[in-house]
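Student: Before we start, here is the structure in question, set down as C-alpha cells.
The values are calculated or read from the model by the stated rules, or taken from the named source; none is laboratory data. Keep in mind that what you see is a predicted model, and the values were worked out from it rather than measured. Cβ sites come from the backbone with ideal geometry, for glycine too, and all protein chains shown count toward neighbours. Keep in mind that these areas ignore ligands, DNA and RNA; they rest on the heavy atoms of the full protein, side chains included. Shrake-Rupley method; radii C 1.70, N 1.55, O 1.52, S 1.80 Å.
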Amino acid sequence: MEKKIVNSYEDFEKLVGQQIGVSDYVEITQDRINLFADATSDHQWIHVDVERAKAESPFKSTIVHGYLTLSMLPYLWNQIIEVNNLKMMINYGMEKMRFGQAVLSGQRIRLNASMQSLANLRGVAKAEIKFSIDIEGERKKALEGVAVFLYYFNN
C-alpha cells in the first residue's frame, strides 16, 4: 500500500472513515525486549528470562511487554503516513485500548490504521486513529484502540 501524504487539514478530511494503511511487519527480537526492560526497569521474568519462560510460562517463550508493543505505534505509523507542513504533532491520548493477545519474542507485528474522526480545534487538527497491532499468522490482535493525535499545521 502506498504511503498517504497529508499537507493540510483538508487532506486529513479526505481520510475520515477510510483505511489509512497497513505497515510492514517488524520483528520484535529478544534484544529489543531486553533493551525495553532496561529502559523501563521492568525486568519481569516472563519478558527477559528465556530459559525460565520455556520451562514455566504457558507461552513457552518470553513475551513482549505490552507497552513495548504500544510504543512501536509511532514507528509503524510513520510507515503508512507522511504529514507535512507541521509546526508540531502531539500524542494526545489513547482510548479504548485493549491488549488482545501476547506477542512472543521473535514474532512480527504490523499496524493497521484508519481515520475514525477529525475535528478542527481552533486551527489544530485532532485526529482519532482507530488502530490494531496485528501479529503475523495470528487471528487475534495484539492490541487495539484509538490513538488521538493533535496536528498543528503551518498557516
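Student: Assuming Y9 fulfils every condition listed in (1) touching a residue at least 12 places away in the same chain (Cβ under 8 Å); (2) farther than 18 Å from V148 by Cα apart from one, which condition is it?
Tutor: The failed condition is (2).
Student: Here is a follow-up. I'm checking my understanding of the structure. Among residues of the range 8-65 that are among the hydroxyl-bearing types (S, T, Y) and closer than 30 Å to V83 by Cα, which one is surrounded by the most Cβ atoms within 10 Å (Cβ to Cβ)? Even if it seems obvious, please write down each step before you answer.
Tutor: Start the filter on the range 8-65 by keeping residues that are among the hydroxyl-bearing types (S, T, Y), which leaves 8-9, 23, 25, 29, 40-41, 57, 61-62.
Retained after the next criterion (residues that are closer than 30 Å to V83 by Cα): 8-9, 23, 25, 29, 40.
Numbers: S8: 14, Y9: 16, S23: 23, Y25: 15, T29: 13, T40: 13.
Top of the filtered list is S23.
Student: Something else about it: Among the residues of the range 109-151, which ones are open to solvent by 60 Å² or more (accessible area, probe 1.4 Å) and either modelled with pLDDT under 95 or part of a strand (DSSP E or B) (or both)?
Tutor: Our first condition is that a residue be open to solvent by 60 Å² or more (accessible area, probe 1.4 Å); within the range 109-151, this holds for 110, 116, 120-122, 130, 136-141, 144.
Within the range 109-151, R110, Q116, N120, L121, R122, K130, E144 qualify.
Student: Would you point out which residue out of S57, S114, S71 is closer than 26 Å to R32 by Cβ and in contact (Cβ under 8 Å) with a residue 24 or more places away in the chain? Outline the logic, then answer.
Tutor: On the way: S57 fails: in contact (Cβ under 8 Å) with a residue 24 or more places away in the chain; S114 fails: closer than 26 Å to R32 by Cβ.
Result of the check over S57, S114, S71: S71.
Student: Scanning for something open to solvent by less than 60 Å² (accessible area, probe 1.4 Å) and over 22 Å from T40 (Cβ atoms), does the range 92-108 turn up at least one residue?
Tutor: No, the range 92-108 contains no residue that is open to solvent by less than 60 Å² (accessible area, probe 1.4 Å) and over 22 Å from T40 (Cβ atoms).
Student: Further, regarding this structure: Would you mind telling me which numbered condition in (1) in contact with a Phe, Trp or Tyr (Cβ under 9 Å, 6 or more places away or on another chain); (2) under 26 Å from Y152 (Cα atoms); (3) of a type in the set (V, I, T) I46 fails?
Tutor: With (1) in contact with a Phe, Trp or Tyr (Cβ under 9 Å, 6 or more places away or on another chain); (2) under 26 Å from Y152 (Cα atoms); (3) of a type in the set (V, I, T) applied to I46, the lone miss is (2).
Student: Can you work out which of the residues in the range 42-101 that are in a strand (DSSP E or B) and closer than 24 Å to K140 by Cβ is farthest from the chain's Cα centre (by Cα)?
Tutor: Restricting to residues being in a strand (DSSP E or B) and closer than 24 Å to K140 by Cβ, the top hit is I63.
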